[in-house]
1. Is it the case, given these coordinates, that residue 75 is in contact with a strand residue (DSSP E or B) (Cβ under 7 Å, 6 or more places away or on another chain), in a strand (DSSP E or B) and under 30 Å from residue 111 (Cα atoms)?
2. In region 30-72, how many residues are in a loop (DSSP other than H, G, I, E, B) and free of Cβ contacts under 8 Å to residues at least 12 places away in the same chain?
3. Any residue at all in region 217-226 that is within 16 Å of the ligand (Cβ to nearest atom) and at pLDDT 95 or above?
4. Mind listing just one residue for me: the one in region 189-199 that is crowded, with 24+ Cβ neighbours inside 10 Å and more than 16 Å from residue 91 (Cα to Cα) and, of those, nearest to the ligand (Cβ to nearest atom)?
5. Residues that are out of contact with any strand residue (DSSP E or B) (no Cβ under 7 Å at 6 or more places or on another chain), in a loop (DSSP other than H, G, I, E, B) and over 13 Å from residue 330 (Cβ atoms): does region 192-203 have at least one?
6. Using the structure shown, decide if residue 213 is under 24 Å from residue 127 (Cβ atoms), within 16 Å of the ligand (Cβ to nearest atom), touching a residue at least 60 places away in the same chain (Cβ under 8 Å) and within 15 Å of the chain's Cα centre (by Cα).
7. I'd like to know if region 143-151 contains one or more residues that are within 11 Å of the ligand (Cβ to nearest atom) and within 30 Å of residue 413 (Cα to Cα).
8. Tell me, please, whether a residue that is modelled with pLDDT under 95 and exposed (fewer than 15 other Cβ atoms within 10 Å of the Cβ) can be found in region 7-20.
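The values are calculated or read from the model by the stated rules, or taken from the named source; none is laboratory data. Just so you know, these numbers come straight off a predicted model, no measurement behind them. A quick note on method: Cβ atoms are made from the backbone with ideal geometry, for glycine too, and the neighbour counts reach across all protein chains shown.
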Ligand SMILES: *Cc1c(COP(=O)(O)O)cnc(C)c1O
């Protein structure tokens, strides 16, 4: 099946007389006829459902759909994108271990790797998203357990050189974990470029309508945990789960089964069936929506580049972008619908004008200010007034979040209406 067909038919297929729509299995628990059936369930937890902290039929259908979209072997939903990354990391690392991480990633993930994981004894070394194989290899230590990057970084919009990161990781016997939130599998399938584990904040384009917070971890099924020699927890008996050996008992889905039977069992961060139902519906239109997000963003980015009030536009699809070569290679159908641009002060000062950026946003009518991206509605944010408001202009320039920087998430409206709203707000600038 093609990707847009999988988005509709993947996961749940109704049998004779069953509902056309994915049923919401709002049930904490499951019925079994015999003690033998329950015993069988404990021996083969991959075959059926035990308790909705660990798995649920509605969630399972969505997991199968997402795994199919990414070209993976299995997936597990989580309550947020942050939890997807946390589980992916802690399924591989424990106290005393180390990660090599691209420095251009989501702010929440930077915080996870640089503040919270160190409290649990897991350290990280940050490298450039354009690091060479040798630079990545130099950061890898004997206790390193994974390499991590983001396909298209939120909000910097840098593109990860996935193949280089995958090769460096594999040569050291390590898996590459990739956050593919911004492009979604509709625009990039990192497993095809060598990534082993994929995480998503489904809150963004997968939901796409600003309704539910969620996450997912996808296992490519390709990483050879036994051959690596770095992962005894995958190849030796798990005494907390009656001696299961994940690689022996689950083969290609060892990573997800270990994540489910250890992390999900102990942490309990599984979404309710109602959220999975909503995600299933929104995923049906994901490829179609991404096409429109990209078309709108390409048009708006090119239009912004021509505006005299704008100093610079950052969007990897633009030929002027320093990441254009990587975007052409990994994201030929577009990178996402998010653009950033710098509103100038009219004097060419580096970083533009904080006041004029704020004035532009306040002049918008249809486009709303939100601390969110990847919505069907076009939305904007001025980092200097919000997420970075404690910083001085000098600190903002140093952080790359210029005082005049605006983040614009192009929605699904008619692009003429998006441009008209921007135009009237630019014209009104003093
Ligand atoms: C939003 C986001 C996250 C965090 O996801 P939540 O669902 O908000 O927990 C992680 N990575 C990226 C790229 C994001 O945009």
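1. Numbers: in contact with a strand residue (DSSP E or B) (Cβ under 7 Å, 6 or more places away or on another chain): yes; in a strand (DSSP E or B): yes; under 30 Å from residue 111 (Cα atoms): yes.
Yes.
2. Looking only at region 30-72, we keep the residues that are in a loop (DSSP other than H, G, I, E, B), and these are 30-34, 44-50, 52-56, 71-72.
Retained after the next criterion (residues that are free of Cβ contacts under 8 Å to residues at least 12 places away in the same chain): 31-34, 44, 47.
So the count comes out to 6.
3. At the first step, the residues of region 217-226 found to be within 16 Å of the ligand (Cβ to nearest atom) are 217-218.
If we keep only those that are at pLDDT 95 or above too, we end up with 217-218.
Yes, region 217-226 has at least one match.
4. Within region 189-199, the match that is nearest to the ligand (Cβ to nearest atom) is 190.
5. yes
6. Working: under 24 Å from residue 127 (Cβ atoms): no; within 16 Å of the ligand (Cβ to nearest atom): yes; touching a residue at least 60 places away in the same chain (Cβ under 8 Å): yes; within 15 Å of the chain's Cα centre (by Cα): yes.
It is false that residue 213 is under 24 Å from residue 127 (Cβ atoms), within 16 Å of the ligand (Cβ to nearest atom), touching a residue at least 60 places away in the same chain (Cβ under 8 Å) and within 15 Å of the chain's Cα centre (by Cα).
7. Taking every residue of region 143-151 in turn, at least one turns out to be within 11 Å of the ligand (Cβ to nearest atom) and within 30 Å of residue 413 (Cα to Cα).
8. Going through region 7-20, the residues modelled with pLDDT under 95 turn out to be none.
Taking every residue of region 7-20 in turn, none turns out to be modelled with pLDDT under 95 and exposed (fewer than 15 other Cβ atoms within 10 Å of the Cβ).
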